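The values are calculated or read from the model by the stated rules, or taken from the named source; none is laboratory data. Treat the numbers as computed from the prediction; the structure is a model and nothing was measured. Positions of Cβ are generated from backbone atoms using ideal geometry, with glycine treated the same way; all protein chains shown enter the neighbour counts.
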Amino acid sequence: MCQITSQNDVIPKEDCRLRYPYLSIIKSVGKSCMKCQEPATVVARLHDPFCRNCFLVYFTHRFRATFGKSKAVRNGEKVLIAFSGGHSSCTMLHLVKEGLAEGVHKKLRYQPGVVYVDENVCLEQDKEERSAQMRKIETWLKESTFPSYVTCIEEVMSKCSPGYRLISGDQSHDSEDGHDNPPTENSMKEEFKQLLENTSSLTTKEDLIQKLRLKLLKQIAKQLGYTKIMFGDSGTRLATVLLGNLAKGHGETVHQDMSFLDTRGEEVAIIRPMREFTSKEIALFSHQCCLQPVFIPRISTKASRLASIDTLTEDFVNGLQSNFPATVTTVLKTGAKLTSDEETIGKRHTCVLCQSPVDSSSSASSASAATQYSMSLRKSSTVYSSSSSEPEAACEVARDNASCCGEGDESCQSAKKNEELTSADLSVVMCYGCQVMMRDVKSLDRLPSSVLADVQRQKRRDEMRLEIEDFLLDGSEEG
Amino acid sequence: MAESSQQHIDIHVEFSGGAELLFDKVKEHEVKLSHDNNPWTIRKLLVWIKENLLKERPELFVQEDTVRPGILILVNDADWELVGELEYEIQNKDRIIFISTLHGG
């Protein structure tokens with residue numbers, strides 16, 4: 001029997017051997033744990049056999065070391081945990097809770113909260129099943145003992161700030177915070193459904209849901225005063241995301257999409273502590289600790305391997321990983337070396353959907369410029385006429401409308417509100433990958449109002465900048 | 001001279017992580033495997049599961065003669081790699097768990 005020392009504070013109090021009496025009759029093919037020489041039960045990393053206790057210790061130590069090494073989270077910082085109910089999220093929440101428990105040596109003291117995003121609007125489920133799932137999720141949230149919130153993905157369509165429901169234990173946000181909303185109005189659900197119906201491919205649907213979910217989480221984190229969001233993406237998942245993003249046109253942002261600390265976006269950063277583990281290790285850990293993940297089907301759950309770029313890439317990575325266990329680590333290490341040109345970052349706009357830098361300074365001979373040109377030729381003149389309309393003419397039209405401010409200096413918003421969003425506008429306010437995604441969305445006006453507002457604000461800012469360009473001091477001219 | 005008694009192997013099979021969706025959402029199954037000349041290996045069990053338990057979409061569970069990559073198999077809570085993978089001979093009262101790690105968490 002393995003010695004349980006005081007450092008092994010992650011072994012659950014219930015001795016799982018009582019639940020699994022068959023552990024003693026494993027017919028091992030001669031492999032013993034590489035640390036303590038007991039019979040091995042798990043193969044982790046490349047081909048390293050571990051016994052149960054040593055595996056749990058290794059896993060926990062790796063998780064804490066990732067935090068410690070990166071120094072991304074400071075003492076006392078508020079960190080929001082994005083919980084989805086799956087193996088990775090449950091494992092991450094369990095490890096955070098164990099790490100902050102009393103009596104743990106050298107713990108990093110930060111203040112976690114937990115949030116769950118309900119995506120039932122994407123894939124309508126049976127009412128009974130849905131309530132059973134929500135009950136399990138709420139049990140998880142309450143047992144975490146951290147302040148917990150539930151929100152719905154359609155809240156991203158909200159015209160003011162998104163609403164959420166408090167599940168448990170936040171002393172500082174009691175009743176004064178008016179956003180403890182009851183379940184969403186149906187209008188937002190309908191708007192979200194229409195947005196999804198306007199996209200033809202599963203790839204775009206998945207991408208859009210993922211980007212809007214991230215946007216919603218950032219808005220909520222900002223509202224509640226959290227400076228970081230923790231995601232449970234496993235190494236396998238990140239390798240899939242990396243390769244999939246290269247295929248979808250998000251090549252510029254691969255480095256941030258899979259790094260431990262992602263600082264895109266002004267106030268809220270993202271951390272991914274589970275990136276050191278493969279999905280196999282995480283599933284084994286969650287099984288060994290008798291955690292009970294909640295499985296919630298998503299739109300791509302029973303899809304065939306060719307249904308979308310993500311499903312195909314996932315199939316590819318998992319297939320390769322089963323024969324070559326170094327696949328995931330190699331892909332991630334390579335991705336970590338791909339960084340974008342740091343010098344021009346400060347001068348760029350940020351994409352309204354994913355907050356990545358927009359490559360508006362790409363040269364005339366670049367591939368994206370060529371694509372834009374051929375697309376504009378294909379669509380002929382309609383694109384150019386609406387985007388090159390004189391600002392004064394637009395205001396002229398609106399002058400009859402009583403709401404025009406009469407300033408005549410482009411700050412008038414009455415005309416601009418009704419302008420339709422065109423794909424030419426998008427090239428300035430969205431990164432290349434998001435533009436590619438938007439080509440698949442039939443009606444751009446169905447995007448959330450916060451996104452459309454950001455687009456208009458960026459356009460006005462650019463137009464104003466053009467006006468006063470001559471009067472601006474360029475930093476390099478200072479003697 | 002030959003014994004004609006039919007012996008059975010009783011095993012417990014579980015599906016989780018989303019794999020249960022292919023089995024009518026039933027997670028736990030008690031399975032009786034009838035004894036014959038060939039020993040019951042995991043390879044043989046997979047064929048049996050495909051023919052008898054799987055309700056839909058076999059390509060999401062099995063791939064050729066093995067399980068789809070991304071689905072873990074645990075035999076009595078040990079990684080199947082440690083007991084011989086497809087060639088492990090199933091014993092009476094074994095507990096075999098299939099955990100799907102596909103589609104996030």
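Every residue in the stretch A:64-94 that is within 22 Å of A:V268 (Cβ to Cβ), modelled with pLDDT of 90 or more and out of contact with any strand residue (DSSP E or B) (no Cβ under 9 Å at 6 or more places or on another chain), please.
A:S88
Do we have any residue at all in the stretch A:70-81 that's surrounded by fewer than 19 Cβ atoms within 10 Å (Cβ to Cβ) and within 10 Å of another protein chain (Cβ to nearest Cβ)?
no
If the Cβ limit is 6 Å and pairs must be 6+ apart or interchain, which residue in the stretch A:444-462 that is over 16 Å from A:C354 (Cα atoms) pairs with which residue that is surrounded by fewer than 17 Cβ atoms within 10 Å (Cβ to Cβ) and polar (S, T, N, Q)?
Pairs found: A:R446/A:Q194.
For the stretch A:186-207, indicate whether the set of residues that are in contact with a Leu (Cβ under 7 Å, 6 or more places away or on another chain) and at pLDDT 90 or above is non-empty.
yes
Scan the stretch B:64-75 and report the pairs whose first residue is more than 17 Å from A:A44 (Cβ to Cβ) and whose second residue is part of a loop (DSSP other than H, G, I, E, B) and β-branched (V, I, T), with Cβ atoms within less than 9 Å and a gap of 6+ or a chain change.
B:I71/B:T101
Among (1) more than 17 Å from A:P293 (Cβ to Cβ); (2) surrounded by 21 or more Cβ atoms within 10 Å (Cβ to Cβ); (3) at pLDDT 90 or above, there is one condition A:V114 misses while meeting the rest; what is its number?
The number of the failed condition is (1).
Take the residues of the stretch B:64-105 that are assigned to a loop (DSSP other than H, G, I, E, B) and among the β-branched types (V, I, T): which is surrounded by the most Cβ atoms within 10 Å (Cβ to Cβ)?
Checking each candidate, the answer is B:T101.
Among (1) closer than 25 Å to A:C51 by Cα; (2) surrounded by fewer than 21 Cβ atoms within 10 Å (Cβ to Cβ); (3) within 13 Å of chain A (Cβ to nearest Cβ); (4) not polar (S, T, N, Q), there is one condition B:K25 misses while meeting the rest; what is its number?
(1)
Would it be correct to say that B:V31 is more than 9 Å from chain A (Cβ to nearest Cβ) and assigned to a loop (DSSP other than H, G, I, E, B)?
no
Picking from A:I209, A:I271, which residue would you name as being within 12 Å of another protein chain (Cβ to nearest Cβ) and under 16 Å from the mean Cα position of the chain (by Cα)?
Sole residue among the options that is within 12 Å of another protein chain (Cβ to nearest Cβ) and under 16 Å from the mean Cα position of the chain (by Cα): A:I209.
Which of (1) in contact with a strand residue (DSSP E or B) (Cβ under 7 Å, 6 or more places away or on another chain); (2) at pLDDT 90 or above is the odd one out, the single condition A:L312 does not satisfy?
The failed condition is (1).
Can you find, within the stretch A:407-448, the residue that is farthest from A:L195 (Cα to Cα) among those that are acidic (D, E) and modelled with pLDDT under 75?
A:E407
Hey, among the residues in the stretch B:39-63 that are over 27 Å from A:T41 (Cα atoms) and surrounded by 16 or more Cβ atoms within 10 Å (Cβ to Cβ), which one's farthest from the other protein chains (Cβ to nearest Cβ)?
Taking the candidates together, the pick is B:L53.
Can you find even one residue in the stretch B:4-21 that is more than 10 Å from chain A (Cβ to nearest Cβ), under 22 Å from A:S304 (Cβ atoms) and either among the hydroxyl-bearing types (S, T, Y) or outside any strand (DSSP E or B) (or both)?
Scanning the stretch B:4-21 turns up no residue that is more than 10 Å from chain A (Cβ to nearest Cβ), under 22 Å from A:S304 (Cβ atoms) and either among the hydroxyl-bearing types (S, T, Y) or outside any strand (DSSP E or B) (or both).
Results for (1) polar (S, T, N, Q); (2) within 11 Å of another protein chain (Cβ to nearest Cβ); (3) more than 14 Å from B:S100 (Cβ to Cβ), shown as yes or no for each residue.
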{"position": "A:E266", "(1), (2), (3)": "no, no, yes"}
{"position": "A:R275", "(1), (2), (3)": "no, no, yes"}
{"position": "A:E281", "(1), (2), (3)": "no, yes, yes"}
{"position": "A:S286", "(1), (2), (3)": "yes, yes, no"}
{"position": "A:C290", "(1), (2), (3)": "no, yes, yes"}
{"position": "A:T301", "(1), (2), (3)": "yes, yes, no"}
{"position": "A:T311", "(1), (2), (3)": "yes, yes, no"}
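Considering only the stretch B:64-105, how many residues are under 28 Å from A:D207 (Cα atoms) and within 7 Å of chain A (Cβ to nearest Cβ)?
Of the residues in the stretch B:64-105, 9 are under 28 Å from A:D207 (Cα atoms) and within 7 Å of chain A (Cβ to nearest Cβ).
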